[in-house]
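The values are calculated or read from the model by the stated rules, or taken from the named source; none is laboratory data. Predicted model, so just to flag it, every value in this text is computed and none were measured. So basically every Cβ, Gly included, is an ideal-geometry build from the backbone, and we count neighbours across all protein chains shown. Please note that ligands, DNA and RNA were not included when accessible areas were found on the heavy atoms of the full protein model with its side chains. Shrake-Rupley method; radii C 1.70, N 1.55, O 1.52, S 1.80 Å.
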Amino acid sequence: MTSSPQFSQEFINELKTLFTWRRDVRHFQSTPVNEKLLDQLLSVACTAPSVGLSQPWRYIKVETPTLRQQIYNLFKNCNKEAAQNYTSDQYKLYSNLKLSGLNDAPHHIAVFSEENPTQGKGLGRQTMPETTAYSTVMSIFSFWLAARAYNIGVGWVSILPPHEVKSILTVPEHWNFVAYLCVGYPQFQNETPELEQKGWEKRNPSRHKWIIR
Ligand SMILES: Cc1cc2nc3c(=O)[nH]c(=O)nc-3n(C[C@H](O)[C@H](O)[C@H](O)COP(=O)(O)O)c2cc1C
């Protein structure tokens, strides 16, 4: 058995900085990320916890320009439609937000979750089938944090219709669409979420308090 690592206070402080400086990135430089480094990030994603050790995540690197363009077109349509749900001032603010880096990110990664994977033999998800999707989200967050440690930005795009994304990427019916990630080196870094900087929303301090029952 290998001995368990002890983490220093310095490491803990740096880890906290990593959490604080993880951002959703929508503005990317064109420089691609080294393929081996991307592979390493995927390996980190695969260390995530998963219900029954089912590892239900499926990561697709979308490299074909026409497929990427089709996804970007979908986003533009959905985003335009979403904007219509806001009135006057909010509509103006929404229309000025950049809500994806699909036009400039050097890497597009689509993440799916297998609905009923054989791996894990169903353990832990008989009363809560949605735990497979939760597991996939855990892996995405691991990918996201590991990427940030290498100064690589990740932006999660959810303004997309799952059924059409599945059809464009020709994935099996039982793979549920979870996230479309834009990945690359950010044009700039910030400690404050972009939606807060742009006046759309701000963090709520009451979320830092426990609810006691
Ligand atoms: C499930 C999920 C879906 C998201 N979808 C989008 C999206 O479609 N477009 C976007 O610009 N940001 C999206 N985001 C990023 C959030 O807007 C962002 O996390 C939030 O504003 C806080 O900023 P931060 O991640 O920089 O802390 C998404 C984040 C999550 C977790």
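Along the charge dipole of segment 169-213, pointing to its positive end and built from +1/-1 on Cβ of Lys, Arg, Asp and Glu, which listed residue (Gly184, His208, Gln197) has its Cα farthest out?
His208
In whole Å, what is the distance between the alpha-carbon centres of segment 126-155 and segment 163-213?
When both Cα centres are located, 11 Å separates them.
How big is Rg to Rh over the chain, alpha-carbon atoms, Rh as the Kirkwood inverse-mean-distance radius?
0.98
Run down the lysines and flag those whose C-alpha is under 26 Å from the C-alpha of Lys198, throwing out any fewer than 8 positions away in its chain.
Lys16, Lys76, Lys80, Lys92, Lys98, Lys209
Under a crude label model (7 Å from the Cα following the beta-carbon direction), how far is Leu15 from Lys92 in nanometres?
Distance between label points: 4.6 nm.
So how much accessible area does Arg68 have, in Å² to the nearest 10, using a 1.4 Å probe?
50 Å²
Hey, any idea what % of the chain's accessible area is carbon plus sulfur with a 1.4 Å probe?
Ligands and nucleic acids excluded, carbon and sulfur reach 55 percent.
Can you work out the accessible area per residue across segment 124-213, with the rest of the protein chains kept in place, probe 1.4 Å, in square angstrom?
So segment 124-213 comes to 62 Å² accessible per residue, rounded to a whole number.
Could you name the lysines in cross-link range of Lys121, using Cα to Cα under 26 Å and dropping any fewer than eight places away on the same chain?
Lys166
If you add up the charges near Leu41, with Lys and Arg at +1 and Asp and Glu at -1, over every other residue whose beta carbon is less than 14 angstrom from its beta carbon, what do you get?
+2
Hey, for a label at Asn151 modelled as a point 7 Å past Cα toward Cβ, could you say which residues of segment 171-213 have their backbone N under 16 Å away?
Counting backbone N atoms under 16 Å from the label point, the list is 184-191.
Near Lys61, which aspartates and glutamates are there with a Cα under 14 Å away, not counting those fewer than 8 places off in the same chain?
Glu35, Asp39
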